[in-house]
Amino acid sequence: MTLDNIKVGNGGIIESIGGEGLLRRRLLDMGLTPNTRVEVRKVAPMGDPIELLIRSYVLTIRKEEASKIKLKEEI
Amino acid sequence: MKFTFALVGNQNSGKTTLFNKLTGSNQHVGNFPGVTIEKKEGQIKKHKDAWIVDLPGIYSLSPYSLEEVVTRDFILKENPDLIINIVDATNIERNLYLTLQLMEIATPMVIALNMMDEVTNSGNSIDVVKLSEDLGIPVVPISAAKNEGISELIDVFMKTAKEKKKPEKLDFCVGEVHKAIHSISHLIEDQAKDNGYPIRFAATKLVEGDEPTMKDLKVTENQMHIIEHVVEDMENALKTDKEAALADMRYNYIEKICKSSVVRHQETIEQIRSEKIDKLLTHKYLGIPIFLGIMFLIFYLTFGLIGAPLQGILEEGITLFTEFISNILINAGVSDWLHALVIDGVFAGVGSVLSFVPIIVILFFFLSLLEDSGYMTRIAFVMDKLLRKIGLSGKSFVPMLIGFGCSVPAIMSARTLSSERDRKLTIVLTPFMSCTARLPIYGMITMAFFPENAAVVMITLYVLGILVAILSGLLLKSTVFKGDSVPFIMELPAYRIPSRRSIALHMWEKAKDFTQRAFTVIFMASLVIWFLQSFDWSFNMIDDSSKSILASLGSLIAPIFEPLGFNDWRASTALITGITAKEAVVSTMSVLTGAISDVELSAALNTMFTPLSAFAFLVFTLLYMPCAAAFAATKREMGSLKNALLAVTYQTVTAYIVGMLVYQIGSIFI
């Protein structure tokens, strides 16, 4: 299951970060590392990007980027 | 002894506020060599020998963006005496990620733990002593916004710098990563020393596969093989790749530290408040209307309610001052040409631009408010999907909107964009937004040709400008601005009340900047235009401007506009003077046609244009290169004259093609 399919208000534990190069590195740098809890808080008015809660701060990424983040389970 | 301190921290960590608190008004703003990234330097209050450099806000030291490269190069190559690392205490885990990387550089370092008041007020706590022990560097709790802990911070970093006390710990790696970093450390120890690289930092960067480090250390092919082998072993043992392994290791270490010093029962009051505010401001249906409403209000206040009267007063003042100087010159008996040079050349040119200062200052007041409060990031969040279609991100929306007011502050505000590519593309597209200085031209032409349909013509022009910007975006993103599009990964910081001091400083900077330009670039441009329209080729001063150098240049260019339907030297001359300021098109037309009243001007225009060619003329004035002030801003923000010239060439060619299409296609139907 990937992060872009998670319902607003739900979250999960990150299993792995896909993608490559700088994009992937940026996601990791921002704290989206395996075994971290992430929650989807909101979707932008036009359906993209999405708003996440991670490591007690708010981060926004596009669905395209979110589709590269695999979760273990939806909570 | 002179000390140089580097202020480093994440975006939204309160870095600028702290910088302003430390330096007061002793600041110099410039650019880093070779790039258009702002470099702020200042002298620390009451410490004449201590200078602080405010480096761009970054999240990591991997060279992901230009800002990161600039920061890295500054620390590695300029060897500051100490790093002041500002850390947002409400968001400590992610902020410490940069801290761990900074520690590897082995430069003396102090952590300014900012926004501690928000942490304690929310019933949470951080054990500063424990944190400092665990990290092996001094940690000073502060609140930059409330001016708490600043003098303690200064004492600590002055003392640390004098003692040259380096971070006690460099080793926070464990297991396989530890093994890899250490074997590479031994391998490149000598090269690192020779090239002024901290060993530990160099080794980590080589594990990460960092190219600038490989180049700087002149890593040999043989060494490269060994490094690759070591990294491969590490990846196999950890069953993951090197990027994930390192990020994971750092965050694991941070989590461990935080477990023993950070107590977090709940989100901070500010975070809870922000969530509530966002329920409205980024609401599914209300988010966009609210945003448009706020922008409308800002425009109305800037260009109407507050700006217009202030501009009027300033204009009046400039007129009075001009008359005053004019009288002095006449009484002193100076020659006519000198009088004309000063009054018609310098004062008219510089004065018309200077009168924009109030509008610029007010606009930047609102912009700082949007930026410092945290709303700017929400605009980007809300508008991103729309702008993404033309190769930009949500962050470009604000400059484009300001473009409807005036291209100059719009181009200047593109500075808030973090990606170099987005910034350049935004600067190229922004002048297509019809600015207020073009309104007098629309007024002149519609009065003469479309008095019944003035509103329709105006709206058509505004929409046309937007359409051309969209099409240009699509074209440029697949040609010139291909490649390095930065993905949209952005923090949404908690809303905060902006500090009055920061906003005042920002307004002052922009006013100073703009005024300086008026007295340099605009001053020169006005002189040149005045000269060209006052003299003929034998350098005799003339009364009839149709014999001037400018007029003959105008008639030289005039045939170029044949395909657009107007081959008239007065029209092309007006277009040339329009480069000093767009509204000059109107004044030039009146002067060159000798028209005294609007009715006469309309009659004269009717001999020069057909309704269709008049519309083509409007389209051209809408799209062709912006005024000299906007060009100067473009040059500065693009960082090179060549790029600025390319930008205005693109705009002018576009204007020509669209104008021609309008005329030629229109001719078929009419």
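Yes or no, residue by residue, for (1) under 24 Å from B:SER185 (Cβ atoms); (2) away from every other protein chain (no Cβ under 11 Å):
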position: B:SER65; (1), (2): no, no
position: B:GLU68; (1), (2): yes, no
position: B:THR90; (1), (2): no, no
position: B:LEU96; (1), (2): yes, no
position: B:LEU102; (1), (2): yes, yes
position: B:THR107; (1), (2): yes, yes
Seminar exercise, completed: Per the filter on segment B:207-225, residues touching a helix residue (DSSP H, G or I) at 6+ places or on another chain (Cβ under 6 Å) and either among the hydrophobic types (A, V, I, L, M, F, W, C) or open to solvent by 30 Å² or more (accessible area, probe 1.4 Å) (or both) are B:VAL207, B:LEU217
Seminar exercise, completed: Residue pairs within 8 Å by beta carbon, gap of at least six or interchain, first lying in segment A:44-62 and more than 7 Å from chain B (Cβ to nearest Cβ) and touching a residue at least 12 places away in the same chain (Cβ under 8 Å), second open to solvent by 10 Å² or more (accessible area, probe 1.4 Å) and in a loop (DSSP other than H, G, I, E, B), listed first then second, are A:ILE50/A:ARG62; A:ILE54/A:THR36
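To keep it simple, each residue is scored yes or no on (1) among the aliphatic types (A, V, I, L, M); (2) open to solvent by less than 20 Å² (accessible area, probe 1.4 Å); (3) in a helix (DSSP H, G or I); (4) without any contact (Cβ under 8 Å) to a residue 12 or more places away in the chain.
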| position | (1), (2), (3), (4) |
| --- | --- |
| B:LEU392 | yes, yes, no, no |
| B:ARG423 | no, yes, yes, no |
| B:ARG438 | no, yes, yes, no |
| B:MET458 | yes, no, yes, no |
| B:LEU467 | yes, no, yes, yes |
| B:PHE481 | no, no, no, no |
Exercise. For segment B:315-329, how many residues meet the condition of being hydrophobic (A, V, I, L, M, F, W, C), open to solvent by less than 100 Å² (accessible area, probe 1.4 Å) and free of Cβ contacts under 8 Å to residues at least 24 places away in the same chain?
Worked result: 3
Problem set entry | Enumeration of residues in segment A:24-43 that are at the interface with chain B (Cβ under 7 Å from one of its Cβ atoms), among the basic types (Lys, Arg) and either assigned to a helix (DSSP H, G or I) or under 18 Å from A:LYS72 (Cα atoms) (or both) | A:ARG24, A:ARG25, A:ARG26
Exercise. Quick one: which helices (runs of 4 or more DSSP H) sit completely within segment B:257-352 and have at least 2 residues that are touching a Pro at 6+ places or on another chain (Cβ under 8 Å) and farther than 30 Å from B:MET116 by Cβ?
Worked result: B:287-299, B:307-332
Exercise. Which residues, counting only those in segment B:552-597, are more than 38 Å from the chain's Cα centre (by Cα) and among the polar types (S, T, N, Q)?
Worked result: B:SER552, B:SER555, B:ASN567, B:THR593, B:SER597
Problem set entry | Test for B:GLU78: is it at pLDDT 85 or above, under 30 Å from B:MET638 (Cβ atoms), away from every other protein chain (no Cβ under 14 Å) and open to solvent by 20 Å² or more (accessible area, probe 1.4 Å) | yes
Problem set entry | Complete set of residues in segment B:587-628 that are among the hydroxyl-bearing types (Ser, Thr, Tyr) and in a helix (DSSP H, G or I) | B:SER587, B:THR588, B:SER590, B:THR593, B:SER602, B:THR607, B:SER613, B:THR621
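The values are calculated or read from the model by the stated rules, or taken from the named source; none is laboratory data. Predicted, not measured: the structure shown is a model, and the values here were computed from it. Note: ideal-geometry Cβ built from the backbone for every residue, glycine included; neighbour counts use all protein chains shown. Accessible surface is based on the protein model in full, side chains and every heavy atom, while ligands, DNA and RNA are left aside. Shrake-Rupley method; radii C 1.70, N 1.55, O 1.52, S 1.80 Å.
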